[in-house]
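**Q** First the structure, which I've put down as structure tokens, then a few questions once you've had a look.
The values are calculated or read from the model by the stated rules, or taken from the named source; none is laboratory data. Keep in mind the model is a prediction, meaning the values are calculated, not measured. Here the Cβ positions follow ideal geometry from the backbone for every residue, glycine too, while neighbour counts run over all protein chains shown. Keep in mind that these areas ignore ligands, DNA and RNA; they rest on the heavy atoms of the full protein, side chains included. Shrake-Rupley method; radii C 1.70, N 1.55, O 1.52, S 1.80 Å.
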Amino acid sequence: MDLTLILGQLGRLVIGLLIAIVFVIGSALVLSWGDRKMLAYTQDRFGPLHSGPRWLQGLPFAIADTLKLLLKEDVVPGEADKILHLLAPVMFVMPMLGAYVALPLANQFPVAADLNVGLIFVVAVSSLSTLGVLTAGWSSNNKYSTLGGLRAVAQNISYEVPLVLSLVPAAMMAGTLSLSGIVSAQVSTVWFGLLLPLAALIFFICGLAETNRNPFDLPEAENELVAGYLTEFSGIRWAMFFMAEYGNMVVICWMAATLFLGGWHGPFGEGFGWLWTMAKLYAVMFVFLWVRATLPRLRIDQLMGFAWKVLIPLALVNIGLVGTLAVLVPGTIPVALPLGITVWQFTLPVYALPLAAVNWAMLAIFVWKLPSLVLLRPATKPESARAVKQTVVVGNPLADAAGR
Amino acid sequence: MTTTEKLVPLDQQEAEEPFDASQDLILNMGPQHPSTHGVLRLVMRLRGERVVKCTPVIGYLHRGIEKIFESRTYMGGIRYCDQFEYISNMLNEHAYVGAAEALLGVEVPRRAEYIRVIVDELSRCSAHLVGVGTYVLDLGAWTPVTYCFRERERILDLFEALGGSRFNHNYFRVGGVLFDLPTGWLGTLEKFLGDFGKLLDELEELVSGNEIFRARTVGVGVIPQDVAVAYSLSGPNIRGSGVPFDMRTYRPYGAYPELDVQPQVRYGGDCFSRYEVRLYEMREAIRLCRLAMANLPGGPIQARVPHAVRPPKGEAYFTVEGAKGDLSLYMVSDGLSQNPYRAKVRGPSFVNLQILPRLVKGCTMADVVAILGSIDIVLGEVDR
Amino acid sequence: MVLNVRRKPAAPPAPRYRQAAETISGKYGQHLVGPIAFEERALKLEADPAGLRELALALRDDPALGFNYLSCVSGVDMKDHIQVVYHVHSLANVLTAQLRVKLDRDNPVVDSLVPVWPGANWLERETYDLVGVQFAGHPDPRRILTDDDFVGHPLRKDYLPPAYRQHGSKA
């Protein structure tokens, strides 16, 4: 092979990794601020306010926080497995950075490489981070950490399955596993999120679970496990976990933007493609933060039951639906949607119409039935339920005391 | 209920499962832990996520309040009531001065009794706001607790206007209360009660209607009625099991007989019922406050009681319905000294906590937190 | 006795208390010491320590009494003896009884009432811890509020707190 080609590709990879690192760090900084701000506004508070001038709304707090974390003492418990304890943050961060390689930023412009199996690559690499969590939990030699690590493995592996299954319909409709190919397919037809809303929702729920966010933050459930697998980490190692968690969230949101929200597709031409990707990514991220401020946490059995008994069957049904309709209903129709100042023109395969109809209907039923699906049994009305047998009689003291 | 053996606590009755080193994990939860509501320590034997055995260890906050009572005068002991239970301070003061008044046989002016009802109910609200807010926080929802504490701040502001102190009010006196209501206080209270009702509606929408909250609480930690009575539960815990046992109606005191208290009862017996009892007790408290404000009589706020209170020899048992349940004080006077000879506090949290090992058996780790939060203890009162 | 206190007139007890007192003294009088006294809303019984558990069982199981709710267990050091006071409620009949046993101060042993009212468990442990009453047959007779290696019973009147002591040390 030509030496210059190899060097050129290597150089591209290094540049891509640098982009990824800078992007992840910057993203984590902004997100740690945005997360707090979002939570604070939901909770009728101000959040960070006093770092820097008032008009920055405490944005420099993110830098101060990072500096604090970097300068903190790095405590390793005496009984910990020192090597694994050292390696765990690395094992958590590296897959996350690797996953960025294949993500498309704009047309013809992936972060590092436009892989033709990009979808599989991203999912496969990012799922490796589970290993880091398990290592962190095990090596800390702390019972809370161990429980957190075990919970994380159970949860991440379970939710990996519906996550991948929910991506399959998008790949089937695009006919390719390349992420830029999937976006191109959406540019020429329509955003898959509009045709496959159920798959998008399943992906979003699984994304929440994969990144250990509320309501699926069991591995680091503060109220049960103190900090779960992070209990014994401090200083820069904790900062690496922290950063990688936000990095993982960005990966999930980027995937959602790419696969279901049309990636770089948007008005004002291709030059603004990267901006649209970012905008969609952070829009999904906003929902991530919003959910965190709103919902309580599930219990572990409810969590696993929800994945295996609800999400996986639904995702499988969705795949079957796409395949069947794509085979049975051939042909395409051109569509022109007037959207304000522009007209959105695309050609739609005919099978997409019944597919979208069924998918939206399934989504409606799913959301409507969500309470009983989470409970995995019919939701009762506790007000009317007399679960306790009446065995105790309490007399009325005012009855015979006429003086009162 | 007839045989003696049936009522021996389950955890002491059954033969213990042998410890299996390959599966079992002894987890020492607390005394420093985010959701043990203080310095409670739970030694739990876990098998996977399931709890095989749970032993509460208490006493980390023991300050010997009962011993302190013996070395303070009757008036001087009131301020310590704010400290053994630091969430619903006014109710503790009421129990203490109630026992002292019963010893002394003093008749409290009616206006003082009505003011006591108002501050009692406000104190109950502030305690239930902490209870409900932190309970939802225990289940992982971050937001409702801030709403609860926002309203609680307003209650503390009202207390500050009343007695000058936000937390250690020291407002009750043997024979009455310390200060009369300041000018405009009732107007502020009325405004607060209106906003508070709205907050309760908001909470009910945000929390009670949440599917995940229901999934975590409905049917979890069910206490049957006979067990609740046998374990001497009180307050929202026993009323959540459908027993209408409320000291305000069972042993009416103060101005409560004139106010038509409706005990709030739910029949699920589970965590959700206990949570809901607390929520509806706050609504009931709003109603009682309004009723007491409407019927507030004039007159003195303090009976003629000497500074050096020296009751005759005797004993008194005075019960109030505290925020956590049956809060009683058993006070003995030797007729000679200005200090109580013995003042025993029957803390509802202390007695309610006994049932925890029985309830959490076989539950998951997450349910332990849910059940503990629903019992709603204050460690200051458990340890005293 | 302070003279200028305006005393509330003592209200007579409700008739149901007199009926309950007649039932108790009629059926279970052999376990009682002395007559039954009344307060406005309480019966005051003094039990023979040997017959305490039988009396408690009878109070709980007699349908005319039905004292099914134990509210409080208090130990009081009366200098010449130690008394344990139980406050029990009968939820169905709206009665309150104060049950008292007087124990020898040097060897205060009494039957545990946990088999009768399981709620007595921690209350009795507390009484043991602070006043030093031994409850025979208690399922878990350990200290509860103070340390396991704590010496003495703090609510005894002759308990002298050490001038300075490190937490938990025996010195």
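**Q** Excluding ligands, DNA and RNA, what is the solvent-accessible area per residue of the protein assembly as shown at a probe of 1.4 Å, expressed in Å²?
**A** With the other protein chains kept in place, the protein assembly as shown gives 38 Å² per residue.
**Q** Turning to a different aspect of this structure: Starting from 0 in steps of 20 Å, tell me what percent of the Cα-Cα pairs of the protein assembly as shown lands in each bin.
**A** Percent of pairs per bin, in order: 13, 38, 30, 15, 4, 0.
**Q** So, one more: Just grab the label-to-label distance for residue B:50 and residue C:81, each label 7 Å out from Cα along the Cβ direction, in nm (one decimal).
**A** Each label point is offset 7 Å from its Cα along the Cβ direction, giving 5.2 nm.
**Q** Accessible area drop of at least 40 Å² (1.4 Å probe, protein heavy atoms): which residues of the range A:140-177 qualify, relative to the chain alone?
**A** Residues shielded by partner chains are A:143, A:144, A:147, A:151.
**Q** For the range C:15-167, what's the relative contact order in percent, using C-alpha pairs closer than 8 Å and at least 6 residues apart?
**A** That works out to 18 percent.
**Q** Further question: Excluding ligands, DNA and RNA, what is the accessible area buried between chains B and A, summed over both sides, using a 1.4 Å probe, to the nearest 100 Å²?
**A** On the way: alone 15690 and 20540 Å², together 31920 Å².
About 4300 Å² of accessible surface is lost on pairing.
**Q** Give the B-C buried accessible area in Å², both sides summed, 1.4 Å probe, nearest 100.
**A** So the total buried area for this chain pair works out to about 4800 Å².
**Q** Here is a further query. Using amide H atoms built 1.01 Å from N in the peptide plane, name the residues 5+ places from residue C:111, or on other chains, whose amide H lies under 5 Å from its own.
**A** So residue C:111 has HN proximity to C:136.
**Q** Moving to a separate point now. Just the ratio, please: alpha-carbon radius of gyration of chain B over 2.2 N^0.38 Å, N its number of residues.
**A** Scaled against compact globular proteins, the figure is 1.00.
**Q** Using alpha-carbon pairs under 8 Å, 6+ residues apart, how would you state the relative contact order of the range B:110-195 in percent?
**A** Answer for the range B:110-195 is 24 percent.
**Q** Taking all protein chains as present, what is the carbon and sulfur share of the accessible area of the range B:65-383, in % to the nearest whole number, probe 1.4 Å?
**A** That fraction is 54 percent.
**Q** If each residue of separation counts as 0.36 nm, what is the full-extension length gain between residue C:48 and residue C:150 once their alpha-carbon separation is subtracted?
**A** So the chain would gain 33.6 nm between residue C:48 and residue C:150.
**Q** So what's the back-of-envelope 222 nm ellipticity for the protein assembly as shown, counting only DSSP H runs of four-plus at -39500 (n - 2.57) apiece and dividing by all residues, rounded to 500?
**A** It lands at -15000 deg cm²/dmol.
**Q** Computed FRET efficiency, Cβ-Cβ of residue B:195 and residue A:316, R0 41 Å: what is it to the nearest 0.05?
**A** Step by step, r from the Cβ atoms, then E = 0.25.
**Q** Related question: Order of A:263-270, C:43-50, C:95-102 by packing, highest average Cβ count within 10 Å first?
**A** Descending mean neighbour count gives C:95-102, C:43-50, A:263-270.
**Q** Could you grab the relative contact order for the range B:306-359? Cα pairs under 8 Å, six or more apart, rounded to a whole percent.
**A** Computed over the range B:306-359, the figure is 30 percent.
**Q** Oh, and also: Once you average over the residues of C:119-125, how many Cβ atoms of partner chains fall within 10 Å of each Cβ? Intermediate results must be reported in sequence, preceding the final value.
**A** On the way: counts 13, 5, 8, 10, 7, 0, 1.
Partner-chain Cβ atoms within 10 Å, mean over residues of C:119-125: 6.
**Q** Given a 1.4 Å probe and every protein chain left where it sits, what share in percent of the accessible area of chain A is carbon and sulfur?
**A** Carbon-and-sulfur percentage of accessible area, whole number: 73.
**Q** At a Förster radius of 22 Å, what calculated FRET efficiency corresponds to the Cβ-Cβ distance of residue A:327 and residue A:361, to the nearest 0.05?
**A** The computed FRET efficiency comes out at 0.60.
**Q** As a test, work out the antiparallel percent of DSSP beta bridges whose residues both lie in the range C:15-167, rounded to the nearest 5.
**A** 75
**Q** Do me a favour and compute the ellipsoid semi-axes for the range A:75-374 from its Cα gyration tensor, root of five times each eigenvalue, largest one first, whole Å.
**A** 36, 22, 16
**Q** Pick from A:323, A:16, A:137 the residue whose mean-square fluctuation is largest in a GNM of chain A, springs joining Cα atoms under 10 Å.
**A** Highest fluctuation among the options: A:323.
**Q** Hey, what do the phi angles of the range C:100-117 turn into as Karplus ³J(HN,Hα) couplings, whole Hz, using 6.51/-1.76/1.60 and θ = phi - 60°, x for Gly and Pro?
**A** Per residue, the Karplus-derived 3J(HN,Hα) values read 10, 10, 9, 10, 5, 6, 7, 9, x, 10, 8, 5, 6, 9, 4, x, 8, 10 Hz.
**Q** From other protein chains only, count the Cβ atoms within 10 Å of every residue's Cβ in B:147-155, then give the mean.
**A** The mean count of partner-chain Cβ atoms within 10 Å per residue comes to 1.
**Q** With a 10 Å cut-off between alpha carbons and a GNM built on chain A, which of A:283, A:170, A:200 moves the most?
**A** Judging by the Gaussian network model, the answer is A:283.
**Q** A further question follows. Counting partner chain Cβ atoms within 10 Å of every residue's Cβ in B:204-211, what's the average?
**A** Mean shielding by partner chains, rounded to a whole number: 3.
**Q** How do C:103-116, C:123-136 rank on mean C-beta neighbours within 10 Å, highest first?
**A** Ranked by mean Cβ neighbours within 10 Å, highest first: C:123-136, C:103-116.
**Q** Of C:35, C:12, C:161, which has the largest mean-square fluctuation in a 10 Å C-alpha GNM of chain C?
**A** Checking each option, the largest mean-square fluctuation is seen for C:161.
**Q** Show the residues, 5+ positions off or on another chain, whose built amide H is closer than 5 Å to the amide H of residue A:350.
**A** A:331, A:332, A:333
**Q** Let me ask something additional. Treating only the Cβ of Lys, Arg, Asp and Glu as charged (+1, +1, -1, -1), what charge dipole size does the protein assembly as shown show about its Cα centre? Round to the nearest 20 debye.
**A** My answer is approximately 1340 debye.
**Q** What Kirkwood hydrodynamic radius, in Å, does the range C:15-167 give when the mean of 1/r is taken over all pairs of distinct Cα atoms and then inverted?
**A** Here the Kirkwood hydrodynamic radius works out to 16.2 Å.
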